[in-house]
1. Conditions first: (1) at pLDDT below 90; (2) under 15 Å from the mean Cα position of the chain (by Cα); (3) small (Gly, Ala, Ser). Ser177 passes all but one, so which condition is the exception?
2. Looking at segment 119-130, which of its residues are at pLDDT 95 or above and either farther than 23 Å from Arg39 by Cβ or hydrophobic (A, V, I, L, M, F, W, C) (or both)?
3. Within segment 547-557, identify whether any single residue is modelled with pLDDT under 90, part of a loop (DSSP other than H, G, I, E, B) and at negative phi, and answer yes or no.
4. So for segment 115-129 (the condition being crowded, with 19+ Cβ neighbours inside 10 Å, touching a residue at least 24 places away in the same chain (Cβ under 8 Å), in contact with a helix residue (DSSP H, G or I) (Cβ under 6 Å, 6 or more places away or on another chain) and of a type in the set (A, V, I, L, M)), does at least one residue qualify?
5. Within segment 102-114, count every residue that is open to solvent by 50 Å² or more (accessible area, probe 1.4 Å) and either aromatic (Phe, Trp, Tyr) or farther than 16 Å from Lys144 by Cβ (or both).
6. State all residues of segment 228-252 that are open to solvent by 30 Å² or more (accessible area, probe 1.4 Å) and in contact with a strand residue (DSSP E or B) (Cβ under 8 Å, 6 or more places away or on another chain); if no residue qualifies, say none.
7. Six or more apart or on different chains, Cβ under 6 Å: which pairs go from a residue in segment 310-324 that's without any contact (Cβ under 8 Å) to a residue 24 or more places away in the chain to one that's surrounded by 17 or more Cβ atoms within 10 Å (Cβ to Cβ)? Could you list them?
Amino acid sequence: MKNRFFVFTALTVFVLTTFMSCSGTPHERISLGDGWEYRVQDSSETAFKPLESGYLANLEKLVPDGQGYIWLKKRFSIPQSLKNRLLGCYLGRIAIADETFFNGTQIGGEGLFPPDEFSAWNRARFYPVPETLVRDGENEIRIKIWVDGEGSIVSNPFIGEISDAKESAKREAFWASEIQFVFAVVMLVIAVYHILMYFKSRTEKYNLAFGLVNLISAIYLCVFYYAEFPGFTGKGISFLWFQKIFSSGIPYLLPFLVTTYINSFIKRRERVPMLVLRIIFAVAPIAVVLWCPTYTMLHKIQQPLQAMLIPPMVYILIILVGNAIHKKKESLVLLLGFSPLVLAVLLDFLVHSVFKVYDFPYISSIGWQLVIISLLFIMARRFVNSKLEVEYLNRNLEKEVSDRTRELSESNEQLSLTNTELSDAKKRMDRDMQLAVYVQRSFYQRSAPDFSDWEIAYHFNPMAGVSGDLYDFFYKHDTLHGVGLFDVSGHGIASGLVTMLAKTVIDRKFYEGLEKPLPHVMEEINRQICEEKGDVENYLTGVLLRMNGNRVEYLSAGHPKAFFRSGATGRTVPIEIAGKDDGSGGLIGIPMLEPTYSAIGFSMKSGDSVVLYTDCLSESKNRAGKEFGYDGITGAFSKSSGSAGEQLDFILSEFSKFTSGVPANDDLTIIVIRKK
C-alpha cells in the first residue's frame, strides 16, 4: 500500500511537469513579455512611460491606492515569417478586466469594468487579429486594464500565428480552469456518496466529515472555472461578495473539516480547548473577510490573513506524524495520502517564487485533488477490511455451530460405550479438568491487594472449573498502576489455556508500556497474542485501566461498558468515548485484523468508584427471559455504598435476586475499584 502511494504520487507529478513543460514544435512569435509602456490616467494627453521589468505581474503597484485604470502600449513590427499569415494575440490571464486594441481597433476584452466590476482573472485571453488591421511597418497593441487591489498579465503573452495563439490559450484554459471543473464534479459525487453512507451508519462519522471536505472543496473550485461557462459575464453579481464567500472565506473551513475527518478516522479523542481553538481559527478570518468594505482592502489583507491557515495545518501534521511515530498504521497511511499536496505546494513555490516561471500553471489545487483520490482509496481500504472482519466472524460462527454439532454427534456415539469405558473416560476427564483448574488458579491472585489510595474487591466464579475470564492487578510495592479484565471466547480447557497465555503477555506488555500511550500498549498486546497463540481461533475482549495519582486512563477492546459512580452523589454513568456507543476499539487476537484502539482519561476523587465485569453480568436473564443489562448494573451500582467490598456485595445481591432460579451459563467476574 505504501509503495503504491509513493509510485502514484511520483508518476503524477512527473507526467504533469513533463506534459505542461512541453511546447511542441517551435513557432515564430512576437514576444509581449517586455518592452511595454504605460500610463495610469485614462486620458490621451498623458505621456506613456517605460514599464520596468517585473511590473507586468504587479500592475497594482503603479496605480494610486491600488485602484484605477492603467493603459499598456507596445510597438512592434511583423517579422517576415509572419507576414501574410493569420495572426492571433495570446495574453494569458489578466486581472481584473481588460479591453485590448490593435492599431486603435478593439479586438477583444474579458471581465467587467466598474460600475459592474467582475474579474475574468482565470480566463486565458485569445484575441484573433483581423488581417485588415495589420500594417507593413510599425504596429501597436494597447491594453486597458481595470486594477482593483490586483492587476497583472501572467503567462508569456505573444502575437503569433492564430493556430499557435489559440492552442496556447486552450492549453492554459485546460490546466487553469477546465480540469478544475472536472474535479469539482467528481468531488460532488464523492460528497453525496459519503454523506449518504453516514446516514446509513451514523457511528462512522468520518464519512460525514469526508463528504463535507469534498463538498466545500467542490464549491471552492468554482473560482477557477466560472469564467469558462458560456454566456457568464458576472453582470448583476457582486464581485466583492463573490470573492468574500468563495475565494477568501471557504479556504478557512477546509483545515477545520480535514482535522475533524482525521480525528474521526483514526478514532482520536480531541480535548475541548483544542476544538474551541480550531473553531476560532476557522471563524475569525472568515469574520474579517466578510467585514471588508472594498475589494482593494480584501486583496490587501488576504496574504497576511492566510497566516491563520498555518497553525491548523501544522496541527494536522502534528496529529499525523505523532500517531505515525507511535505506529498508528492508519495515521501513516493518511500521512502518505496527503503527500501529493505537499509535493504540489513545494513545486509551485519553486516554479513561481524561485524560478519565476509564470506561464507554468499553479498545481496546488491539483495536488489537493490527488489527496482526495488518495483518501478515497484509503476509505475503500477500510471498508474492505470491515467487510473482511464481518465475513471472518461469520465464518467462525458457522464453524462454532459445526463444532458443537460434531461434539453432540460424538457424545451420542459415546453412549454406545460400556459403563466401564464411560467411567474410565469420566475419571480421565475429571483429572484433566482438576489439573487445568489447579494450573490456572495458580496464575491468578488469591485475594485483592491492599493499596494506600485504592480499594479493590472482586468476585470470580468460573462456570465449569476452568475459566475464560482473565483479571489482573498491576502494581509495585503498594502503588497501583493498573487493572485489567479480559474475556476469552469459548469455554472449556482451550479457552482456559488461552487465558494463561494471554495473562503472561498482558502483564509483560503493560509494565513495558508504563510510559507509552495506552492504545499503543493494547496494540502490542494484540500483536503479541496473535503471534503466540498461532492458529488457535479463540479471541479476546478486554478493558485496561491505568492509574496515575487521581488520573485514570480507560481503554476498551470490544468489552462491555464499564461504569463510574460518583462518591458524592451516587450518580452512575458509563465510561465511553463521545460518539461511540461502546468505546470499543476492536477485538484482540484476530491476526488478519488491524484494530485501532482509543483511550479516554478522567479523574477520580475520594469515594468515587468504577465497576468492571464480564458479559455474564449484563447478559444473564431472569425467568421471564429479561436480561439484567446495563440498566440493572447502573441501578445496583448507584444504590450501593460503603467500601469497595460492600458495593460489590450489593451488586451481587441485586444480581442474585434478579436471576433467582436461573443457573449461570457463563463465567462471571466483577471488579470494583474505589478511590480511598
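The values are calculated or read from the model by the stated rules, or taken from the named source; none is laboratory data. All values reported here derive from a predicted model rather than from experimental measurement. Note that each Cβ is placed from the backbone with ideal geometry, even for glycine, and that neighbours are counted across all protein chains shown. Ligands, DNA and RNA are excluded from the accessible area calculation, which covers all protein heavy atoms including side chains. Shrake-Rupley method; radii C 1.70, N 1.55, O 1.52, S 1.80 Å.
1. Looking at each condition in turn, Ser177 falls short on (2).
2. Phe126, Pro128, Val129, Pro130
3. No, segment 547-557 contains no residue that is modelled with pLDDT under 90, part of a loop (DSSP other than H, G, I, E, B) and at negative phi.
4. yes
5. Matching residues across segment 102-114 total 0.
6. If the condition is that a residue be open to solvent by 30 Å² or more (accessible area, probe 1.4 Å) and in contact with a strand residue (DSSP E or B) (Cβ under 8 Å, 6 or more places away or on another chain), then Thr233, Lys235, Ile237 are the ones that fit.
7. Sorted first by the residue in segment 310-324, then by its partner, the pairs are Ala324/Ser331; Ala324/Leu332; Ala324/Leu335.
For every residue, the table says whether it meets (1) out of contact with any strand residue (DSSP E or B) (no Cβ under 8 Å at 6 or more places or on another chain); (2) open to solvent by 20 Å² or more (accessible area, probe 1.4 Å); (3) not basic (Lys, Arg).
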site	(1), (2), (3)
Lys476	yes, yes, no
Ser489	no, yes, yes
Val505	yes, no, yes
Arg508	yes, yes, no
Glu515	yes, yes, yes
Glu524	yes, yes, yes
Leu544	no, no, yes
Arg571	no, yes, no
